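Each value in this text was obtained by applying a stated rule to the coordinates, not by laboratory testing. Predicted, not measured: the structure shown is a model, and the values here were computed from it. Backbone-built Cβ (ideal geometry, glycine too); neighbour counts: all protein chains shown.
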Amino acid sequence: MSNKKLAAFMESVKTKNPGELEFHQAVEEVAAEIIPFVEENPKYAEAKILERMVEPERVIIFRVPWRNDKGEVQINRGFRVQMNSAIGPYKGGLRFHPSVNLGILKFLAFEQVFKNSLTTLPMGGGKGGSDFERRRKSDNEVMSFCQSFMNELFRHIGQDTDIPAGDIGVGAREIGFLFGQYKKLKNEFTGVFTGKGRSFGGSLIRPEATGYGNVIFAEEMLKTKGDSLKEKICAVSGSGNVAQFTVEMLNKLGAKVITLSDSDGFIHDSNGINAEKLAWVMELKNGKRGRISKYAEKFDCEYSKGKRPWGVKCDAAFPSATQNEISKTDAELLVKNGCQLVSEGANMPTDPAGVTVFLNAKIFYGPSKAANAGGVAVSGLEMSQNSLRLSWSREEVLEKLQEIMKSIHTNCVEHGKEGDFVNYAKGANIGGFIKVADAMLAQGVV
Ligand code: NDP
């Protein structure tokens, strides 16, 4: 019965949203768990909650014209997907990358609704961005683009309406430029962005939060079997914000990280990426904006051009680059090589066939909407600090992040237990759904 319902539901989603492959993928993964749950709880079926959740409340698409350093006019496309505001204002990052399109942002916004619900904080879901490529652009060009992007976006956001943050291609520099332009246009200093610089309302631990949170979640999974990350060999992909702080926290817990990557290839350092090497990577990526291949030259290790790190033998894997970076073949390789845990720092980094491999092998699999929720959780804490006009200490924020990651883990176990095994993917979907669905029921057909 459920299978037929899933097929019919997906048929309608695909017809209404043609060509949006990543959105179809994200919806199907959730619907496969939620449709049987809704069948057992008819109040959600009668109110068509799932059908309403796949329809964004609002989508804004706009032109972003700007001039490069040669004075030539450039045109990009800007987006904001305001997906669901049942439990709080829209909240979710901005992504600047040439691959950005409506389908990718709808998948990210849809995932964000469940993730934000899991954090226990009052945040709805949204996502936005542009097909702007920041690589090889000067600071001045990035600023011109950000200002033009905000010239339209400012009308649609606000501290009680929609609070964007960073994502791929949007780090501290871009958020500074975006926030500056918002402030100029609105003539008000409010907590409309998270991930801000420390000197203008940013929270301590926000840059670290996604990577740290993912490692805390992984440690919680291992704890259920009396194990820990100490001395585990770990493969990490990406070398941006999430990857960097994943490595930092893994090092703190006594694990050994042996890989990092970027869109050109990956490095394999069997001696481990210690604190000193990580500091060098941070300067390379955040300061010089260089390629990870330089690491192999500097520290004399292997570099594999155009490849991902999943063929390297490891105990645990932390995909932290982008969507669909682990295929079925990659997943099979990881399992064959003895990998016991996969915890997702990136959003939807494992494709559906890969997820099935992990679930069938019964390894620990932490899906992104649970495992990487630490970033948005600390964004929620940044919003609270801004409203209170207060700044909490590192220790206070870290303690709250730890509590939130533990509570997300507990929620996943509660809804994902299948005998001795915990299906965290199922747990996260159902756990995230209930709170949003109940709020939608209470608010009527709106
Ligand atoms: P960054 O831009 O800081 O880093 C992204 C990294 O991934 C870079 O190393 C980049 O390489 C690599 N990458 C990007 N696109 C591709 C691609 N198509 N193929 C291979 N590698 C790629 O982004 P973040 O670290 O912030 O984000 C990484 C992931 O984590 C994303 O999926 C994001 O949605 C997710 N996430 C981020 C959060 C945050 O707080 N920042 C919160 C929750 C999830 P290159 O430099 O070559 O482009």
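Between residue 289 and residue 55, the contour length at 0.36 nm per residue exceeds the alpha carbon distance by 80.5 nm. Charges were assigned to the Cβ only: +1 to each Lys and Arg, -1 to each Asp and Glu. The resulting dipole of the range 209-366 about its Cα centre is roughly 80 debye. Descending by average beta-carbon neighbour count within 10 Å, the peptides 349-362, 141-154 line up as 141-154, 349-362, the highest first. Cβ crowding within 10 Å ranks 282, 440 as 282, 440, fewest other Cβ atoms first. For the chain, a crude dipole built from +1 on the beta carbon of Lys and Arg and -1 on the beta carbon of Asp and Glu, taken about the Cα centre, is about 960 debye to the nearest 20. For the range 58-188, the share of DSSP beta bridges that are antiparallel, to the nearest 5, is 70%. Think of it as helices only: each DSSP H run of n ≥ 4 in the chain is worth -39500 (n - 2.57), and spread over all residues that comes to -15500 deg cm²/dmol at 222 nm. Ordering 368, 241, 140 by Cα displacement along the dipole of the chain toward the positive end leaves 140 in first place; charges were set at the Cβ atoms of Lys, Arg (+1) and Asp, Glu (-1). Normalising by residue count, the range 161-225 has a Cα convex hull of 101 Å³ per residue.
Within the chain, the selection of entire DSSP H helices by a Cα span of 30 Å or greater along the long axis and an average Kyte-Doolittle value of at least -1.0 returns 394-416.
FRET efficiency for the pair residue 389 and residue 298, taken as 1/(1 + (r/R0)^6) with r the Cβ-Cβ distance and R0 = 35 Å, rounds to 0.20.
Normalising the Debye intensity of the range 364-446 to I(0), with uniform scatterers on Cα atoms only, and taking log10 at q = 0.10, 0.12 Å⁻¹ returns -0.33, -0.46. What FRET efficiency would be calculated for the residue pair residue 2, residue 337, taking the C-beta separation as r and a Förster radius of 51 Å, to the nearest 0.05? The formula returns an efficiency of 0.90 here. Applying D = kT/(6 pi eta Rh) to the range 171-315, where Rh is the Kirkwood radius over alpha-carbon pairs, T corresponds to 4 °C and eta to 1.567 mPa s, the Stokes-Einstein value obtained is 78 µm²/s.
Among beta bridges identified by DSSP and lying wholly in the range 209-366, the antiparallel ones come to about 40 percent. Note on 80, 134, 58, 291: ascending count of other Cβ atoms within 10 Å places them as 58, 291, 134, 80, the fewest first. Please check which bits of the range 108-136 a label hung off residue 161 would reach, taking the label as a point 7 Å along Cα-to-C-beta and the cut-off as backbone N under 17 Å. Residues 124-129 qualify, since their backbone N sits under 17 Å from the label point. Which of rounded, prolate or oblate describes the range 297-446 when judged by the alpha-carbon gyration tensor and an a/c cut-off of 1.5? Oblate. Consider a paramagnetic label point 7 Å from the Cα of residue 324 along Cα→Cβ; state which residues of the range 93-107 have an amide N under 17 Å from it. Under cut-off, by backbone N: 97-107. How would you classify the chain from its alpha-carbon gyration tensor, with a ≥ b ≥ c the square roots of the eigenvalues: rounded for a/c under 1.5, else prolate if a/b is greater than b/c, otherwise oblate? Taking the square roots of the gyration eigenvalues as a ≥ b ≥ c, the chain is rounded.
With a threshold of 28 Å on the Cα-Cα distance, the over-threshold entries among 70/106; 230/400; 252/288 are 70/106. Distance distribution note for the range 58-188: the fraction of Cα pairs above 20 angstrom is 41%. Could you please state, rounded to a whole Å, how far the C-alpha centre of the range 143-207 is from the C-alpha centre of the range 80-100? If you average the Cα positions of each part, the centres end up 13 Å apart.
Here is the P(r) of the range 56-116: all C-alpha pair distances, binned every 5 Å from 0, give 4, 16, 26, 19, 14, 9, 6, 4, 2, 0 in whole percents.
Which values of log₁₀ I(q)/I(0), to two decimal places, follow from the Debye formula for the range 231-361 at q = 0.09, 0.10, 0.17, 0.18 Å⁻¹ with a uniform point scatterer at every Cα? At q = 0.09, 0.10, 0.17, 0.18 Å⁻¹ the computed log10 ratios are -0.22, -0.27, -0.80, -0.90.
Report the calculated FRET efficiency for residue 28 and residue 446 (r = Cβ-Cβ distance, R0 = 22 Å), to the nearest 0.05. So the FRET efficiency works out to roughly 0.25. Under 10 Å, Cα contacts only: if you run a Gaussian network model on the chain, which one of 313, 294, 70 comes out with the highest mean-square fluctuation? For the chain, modelled as a Gaussian network with Cα springs under 10 Å, the answer is 70. The length gained by stretching the chain between residue 414 and residue 69 to full extension, at 0.36 nm per residue less their Cα-Cα distance, is 118.7 nm.
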